[in-house]
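Asks: One structure coming up, written as structure tokens, with questions to follow.
The values are calculated or read from the model by the stated rules, or taken from the named source; none is laboratory data. None of the values given here were measured: they were computed from a predicted structure. Here the Cβ positions follow ideal geometry from the backbone for every residue, glycine too, while neighbour counts run over all protein chains shown. Heavy atoms of the whole protein, side chains included, go into the accessibility calculation; ligands, DNA and RNA do not. Shrake-Rupley method; radii C 1.70, N 1.55, O 1.52, S 1.80 Å.
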Amino acid sequence: MSPVAIAIAAALAGNFLLSLGMILQKRHIAWIGHKGEKDRAFRLDRLGWFAGFTLMNIQPVFNYIALTRLPPNVVGAAAGSSVAFTALLASLILGERLGRRKLAWTCAMFAAMGLSALRSPPQGAGFFPLVLYASLLPPLVAALLALAARRRRKGPATAVALAAVAGSLGGFMVLSLAALRLVGGARPLLWFGTPYIYVYLVAGIGAFSLVQLAYKDGRMSSVAPAYYGMQVLWPALASYFVFASPFDPIQGAAFAAVALCVAAISRD
């Protein structure tokens, strides 16, 4: 098995765990804000939610492995697989419908992701920390606006907005993880001497908190595509500027195809 194939497998495995974790959290979200008796159902919901939380926090390990052979924009694009995994797991665990068209779009998305990895040019020779920080500012501003909108009115629209912002913060985490790999390698203790671990944590906490609110306000079928779509697009675009990643037209078309498949799966 080639190193690139191992990296792709790692990215997909991590996104499967992320999807399973999000489904478990959605399935057992009722314990948060529970006002009644802490009975067996409450304890099971709490246990299931924390199981999902654990799986979601294992996923970055797989992304780190994937980043050893793949550029950040490809690892970010691999996040699109999560919407397919979520659709499958939502069918199995939440009882949501999984149709043939959704399966067809899922296959097309995996093909596009494979093409994006195979067409990866050499990783960019540059790294611009100020641009990395700048790519965090739009999601943070959008988060404040979405939270202000939620205070005025809760509903499906605000749920999608919150999920999209959470996804962009999740996409930023791939960029900051790539920065950590560049400066610290496989020595995690060195990470804490850099600012990148702290912006990673800010983005992670923000993404986690916002997607919980989205779960409360909307259905998984609308929340997940917004989350995963932005998780694909934000690092795919920003990495060209943060890491001076070379642009390949066919790879760019593959990224666009991944985004199209994410949108199609969400509508099916």
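Asks: Kindly indicate whether L24 is over 20 Å from M230 (Cβ atoms), touching a Leu at 6+ places or on another chain (Cβ under 9 Å) and open to solvent by 30 Å² or more (accessible area, probe 1.4 Å).
Replies: Yes; evaluated as a whole, the condition is true for this residue.
Asks: Same structure, new question: Is it the case that A149 is modelled with pLDDT of 85 or more and within 19 Å of R69 (Cβ to Cβ)?
Replies: no
Asks: I'd like to check something: does region 162-178 contain any residue that is within 26 Å of A78 (Cβ to Cβ) and not in a helix (DSSP H, G or I)?
Replies: no
Asks: I'd like to check something: does region 75-93 contain any residue that is out of contact with any Cys (no Cβ under 6 Å at 6 or more places or on another chain), farther than 27 Å from F172 by Cα and free of Cβ contacts under 8 Å to residues at least 12 places away in the same chain?
Replies: For region 75-93, residues out of contact with any Cys (no Cβ under 6 Å at 6 or more places or on another chain), farther than 27 Å from F172 by Cα and free of Cβ contacts under 8 Å to residues at least 12 places away in the same chain: present.
Asks: Could we say that A256 is in a helix (DSSP H, G or I), open to solvent by less than 30 Å² (accessible area, probe 1.4 Å) and aliphatic (A, V, I, L, M) here?
Replies: No, not satisfied.
Asks: Hey, can you tell me all the residues within region 27-46 that are aliphatic (A, V, I, L, M) and either outside any helix (DSSP H, G or I) or open to solvent by less than 30 Å² (accessible area, probe 1.4 Å) (or both)?
Replies: I29, I32
Asks: Regarding region 53-76, can at least one residue be identified that is farther than 22 Å from Q231 by Cβ and at pLDDT 80 or above?
Replies: Scanning region 53-76, I find no residue that is farther than 22 Å from Q231 by Cβ and at pLDDT 80 or above, so the answer is no.
Asks: Which count do you get for residues in region 81-110 that are charged (D, E, K, R) and in a loop (DSSP other than H, G, I, E, B)?
Replies: Here the count works out to 2.
Asks: State whether the residues of region 59-76 include one that is within 12 Å of the chain's Cα centre (by Cα) and open to solvent by less than 10 Å² (accessible area, probe 1.4 Å).
Replies: Yes, region 59-76 has at least one match.
Asks: What number of residues in region 197-232 are β-branched (V, I, T) and without any contact (Cβ under 8 Å) to a residue 40 or more places away in the chain?
Replies: Qualifying residue count, region 197-232: 2.
Asks: Determine which member of the set G124, G114 is assigned to a helix (DSSP H, G or I), modelled with pLDDT under 80 and open to solvent by 20 Å² or more (accessible area, probe 1.4 Å).
Replies: G114
Asks: Run down L147, L169 and say which single residue is within 18 Å of S239 (Cα to Cα) and crowded, with 16+ Cβ neighbours inside 10 Å.
Replies: After ruling out the rest, the residue left standing is L169.
Asks: Also, I was wondering about something else. Might you check whether a residue that is of a type in the set (A, V, I, L, M), open to solvent by 60 Å² or more (accessible area, probe 1.4 Å) and at pLDDT 85 or above occurs anywhere in region 226-236?
Replies: No, there is no match, as no residue in region 226-236 is of a type in the set (A, V, I, L, M), open to solvent by 60 Å² or more (accessible area, probe 1.4 Å) and at pLDDT 85 or above.
Asks: State whether the residues of region 91-109 include one that is open to solvent by 10 Å² or more (accessible area, probe 1.4 Å), hydroxyl-bearing (S, T, Y) and over 24 Å from P235 (Cβ atoms).
Replies: yes
Asks: Taking the condition of being at pLDDT 90 or above and within 25 Å of L20 (Cα to Cα), how many residues in region 176-196 meet it?
Replies: Result for region 176-196: 1.
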